[in-house]
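Every number in this text was worked out from the coordinates using simple rules, so none of it is lab data. Treat the numbers as computed from the prediction; the structure is a model and nothing was measured. Cβ: placed from backbone, ideal geometry, glycine included. Neighbour counts: every protein chain shown.
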Amino acid sequence: MAHDLPLADVKVLDFTWVMAGPAATRVLADYGATVVRIESTRHLDAGRTIGPFHDGQPGIEHSGFFQNLNAGKLGLTLDLSQAAGRDVARDLVRWADVVTEAFSPGVMRAWGLDYAALRQVQPDIIMLSTCLMGQRGPFAQFAGFGNLAAAISGFFSLTGRTARPPAPLALRQTMWRRVSRRSRFWQRSNTGAAPARGSISTRRRPSPPCTFSPRHCWTLRCAGMVRSG
């Protein structure tokens, strides 16, 4: 039962997007936390454009990537560039125990929703801010996703084959190969049957063509909460 889970009494207001932040708050939801995910009415979450897609049909409501990272959460769209949207966000801060965000440094401050401002609303609030290169320092304004941080940190130099250029996809492909091997080992150990070779494919398939535009911005006509996934 959900109320028996260790984080059942924790309330999270989640402003993160795409992958890293939503993956973290998905774990909190899995352990029972009530997570309210905020999306923009003006800018599409790029995670909604990433496959695989349900029935192979690209669309902002069809992304298995997005649904997997946001399963078990509540969802709400707000326009934080407007005072009314920020007022709703502050009401939710009064309800929340934890706030998470993954914008470039300074964005939440520009909206009046940075940690110092939110403590005026909810003195006990816990806030997690995550971005590519940290909140301060010479590279703080270098925005991007984890692949850029992996390249800058030298992580990609550890992937790929010896005497060949770095291969960013090698880690993912290696992981799936290991999953494939383990699944075949489990099948042989538990059923005695010889599994079909290559039962899990690691070959990258071409993505289906994207048929929608960001101009279709995912904007709910009503401001009610809906469950994602």
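Based on Cβ point charges of +1 for Lys and Arg and -1 for Asp and Glu, what charge dipole magnitude is obtained for the stretch 73-116 about its Cα centre, in debye rounded to the nearest 20?
0 debye
Suppose every K and R has +1 on its Cβ and every D and E has -1 on its Cβ; what is the size of the dipole of the stretch 12-110 about the Cα centre, in Debye to the nearest 20?
200 debye
Taking the Cα centre of the stretch 67-168 as the origin, how large is its charge dipole in debye, to the nearest 20, when only Lys and Arg (+1) and Asp and Glu (-1) carry charge on their Cβ atoms?
Charge dipole of the stretch 67-168: 400 debye, to the nearest 20.
Give the span of the stretch 53-114's Cα atoms along each principal axis, as three whole-Å numbers ordered largest to smallest.
Principal extents (Cα only, largest first): 41, 22, 22 Å.
With only alpha-carbon atoms in the gyration tensor, what are the semi-axes of the equivalent ellipsoid for the stretch 73-150, in Å, largest first?
Semi-axis lengths for the stretch 73-150 are 24, 14, 13 Å.
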